[in-house]
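Participant: Take a look at the following structure, please.
The values are calculated or read from the model by the stated rules, or taken from the named source; none is laboratory data. All figures in this text were calculated on a predicted structure; none of them were measured in a lab. Don't worry about glycine lacking a Cβ; one is built from the backbone with ideal geometry, like all the others, and counts go over all protein chains shown.
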Amino acid sequence: MNTPEWQIRCNQRKQQQLDLIPEEWRIALPPDSQRNVLDVPRTCGLLSARELEITDTVDVDMLLYKLRTAEWSSVEVTTAFYKRAIIAQQLTNCLTEIFIDRALARAKEVDEHLAKTGTPIGPLHGLPISVKDQFCIKGMETIMGYAGWIGRIAETDSVLVELLHECGAVPFVRTNVPQTLIWGETYNHVFGRTTNPYNRYMTPGGSSGGEGALVALRGSPIGVGTDIGGSVRIPAGFCGLYGLRPSYERLPYCGAVNAQEGQESVSSVLGPMTNSVAGVRAFTKAIIDAKPWRRDPLAVRKAWSVSEYALEEHGGGDKMCFAIMWDNEIVKPHPPVRRAMEIVKGALEEAGHTVIDWEPHRHLEIYKNVESIFAADEGHDYRTDCALSGEPLIQTMSPDTGAHAYALDAPFAKAVVGTPRHLNAWELWQLHREKRALRKSHLDHWEATAARTGTGRPVDAIISPVAPYAACPHGCNSDAFYTTLFNTLDYACAVFPVTQADAALDRPDPPHDFRNGEDEAVCKLYDPELWHGMPVGLQLAGRTQEEEGVIGMLEVVDAALQTYKESQSQ
């Protein structure tokens, strides 16, 4: 049987990528049966002691200090992270574009500027930063998971890449995505499947799953993903990272490619994924301070707010009131996720804050509205891009073997929304109108919590699951409403790691009355032994355009967690 032309093109493009890995950077690979590969960068012998010190420095503030004081050069830092990124690629298949010479030339340019002038170029001086395979870099392909996009060369940099250069950063790799982007997992016909370094049998999430796997292996100090339904937060949660989903148009998306371009009711946004709270703040502040509204006509003209970051509207960060959404009343979370919320509740109360229960508000209506918006073209956008090469539209993220046994039959969306059909303009406008009304209703619901907080103001932030489970087997991430809820409402959100699943502590729940088929499938999916050791993260949701406050509250919650864990271990 003849191999289809699209598949030949994919195989050739993948081989081109593999050929860009220097022979001296190739490692002896662990067997496929070795699920956890987090220690391989430290044991494979490729990285020197100094390179391990550099790449194991998760505090981005410390990295930036050493770069701007020339204690570490950008060339050596970029080289160290590049080598570790290539290790991560060999272990998890997380990269798309590899451009070593170009990145090192940029790092050399940054070092020469510091040596000549004595001043750094900008707030991200010399820092290597990875970006998702949506952010165009002039002269390079932007494939975005479509065989038909192979050979599509960018004529200009995306605005984000322009601003990264202006801030002194060194873009150095691009990372893998799923075909169509609208998946909570990461697989396409061109570059293949990305796996989770905590357990390669599990997904790193999506659609920014390449970033999740790369940053989890410390192959990048800051990775930039995008999020329209959870695509920053799900990989961050699944890979034990910190991440930020900002509000619509707060950070510059102009010049990046996307699926469903033109759909503007639920905007895709970009955000950082890192191993430290400092990385979230440093990236976000640097890009906002670069005044992105000068380059992106949609970017909100709002400077970094010192008062918001200082939590002046939240009691200065003292004795705040947080609400925990234990359950969205659609899908019940797995035991490890519930335990993570209990840990956070204990930490916040020990730190002097109040914690109340969040009462879900009109969730089923919000779910139906947003899913109807996403399906309004009946898949025309995806089919058009697949037709460029003749490649098939991917219908499942399940691999051929192994995890398919766990794959979920998830008819819930179809049951709620109905069979997708191509809506006319007027029908779509009604969904937009309904979405505005739902946002107003939810805002009023939030404001009404002032009667329950004891602070004289409404709840400061909502803490909820990122997903009903920690990272799950490939093909099984069927539920994204814990994140998509906040995309619809446009609340700024941050993700933070809390704990790891523990087979001894997280025993299966007794049977409960299932709300729907999705709830039943997710419940039956749970296996304590399979999930053991997987990271569990949660998300903190603030108000629209409140990125500075959300980052400030993230720091408060993270500090409380660290103190609480220390007290519990004594």
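Participant: In the stretch 19-99, which helices (runs of 4 or more DSSP H) lie fully inside it and hold 2 or more residues that are acidic (Asp, Glu) and touching a strand residue (DSSP E or B) at 6+ places or on another chain (Cβ under 9 Å)?
Facilitator: Once the helices (runs of 4 or more DSSP H) in the stretch 19-99 are filtered for at least 2 residues that are acidic (Asp, Glu) and touching a strand residue (DSSP E or B) at 6+ places or on another chain (Cβ under 9 Å), nothing remains.
Participant: When residue 357 is evaluated against the numbered criteria (1) closer than 24 Å to residue 509 by Cα; (2) surrounded by fewer than 16 Cβ atoms within 10 Å (Cβ to Cβ); (3) in contact with an Asp or Glu (Cβ under 8 Å, 6 or more places away or on another chain), which criterion, by number, is the only one it fails?
Facilitator: (3)
Participant: Further question on the same structure: Being among the hydrophobic types (A, V, I, L, M, F, W, C), surrounded by 21 or more Cβ atoms within 10 Å (Cβ to Cβ), touching a helix residue (DSSP H, G or I) at 6+ places or on another chain (Cβ under 8 Å) and in the same structural domain as residue 553 (by TED's automatic domain parsing) is the requirement here; does residue 341 meet it?
Facilitator: Criteria not met by residue 341.
Participant: While we're here: Can you tell which of 478, 464 is among the polar types (S, T, N, Q) and closer than 17 Å to residue 335 by Cβ?
Facilitator: Values: 478 fails: closer than 17 Å to residue 335 by Cβ.
After applying the criteria, what remains is 464.
Yes or no, residue by residue, for (1) among the polar types (S, T, N, Q); (2) outside the structural domain of residue 360 (by TED's automatic domain parsing); (3) assigned to a helix (DSSP H, G or I); (4) modelled with pLDDT under 95:
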position	(1), (2), (3), (4)
421	no, no, no, yes
427	no, no, yes, no
434	no, no, yes, no
440	no, no, yes, no
458	no, no, no, no
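Participant: Still on this structure, I have one more. For the stretch 477-534, which residues satisfy the criterion of being small (Gly, Ala, Ser), within 25 Å of residue 281 (Cβ to Cβ) and in contact with a Ser or Thr (Cβ under 9 Å, 6 or more places away or on another chain)?
Facilitator: Result: 492, single match.
Participant: Something else about it: Six or more apart or on different chains, Cβ under 7 Å: which pairs go from a residue in the stretch 381-399 that's at pLDDT 95 or above to one that's acidic (Asp, Glu)? Could you list them?
Facilitator: Listed pairs, sorted by first residue: 390/5.
Participant: Then there's this: Here are 212, 229: which of them is modelled with pLDDT of 95 or more, under 17 Å from residue 537 (Cα atoms), in contact with a Pro (Cβ under 6 Å, 6 or more places away or on another chain) and not assigned by TED's automatic domain parsing to the domain that holds residue 488?
Facilitator: Going through 212, 229 in turn, the sole match is 212.
Participant: Still on this structure: Would you confirm whether any residue within the stretch 160-167 is assigned to a loop (DSSP other than H, G, I, E, B) and over 19 Å from residue 234 (Cβ atoms)?
Facilitator: yes
Participant: I need the full set of residues from the stretch 299-325 which are free of Cβ contacts under 8 Å to residues at least 40 places away in the same chain and assigned to a loop (DSSP other than H, G, I, E, B), in order please.
Facilitator: 301, 303, 318
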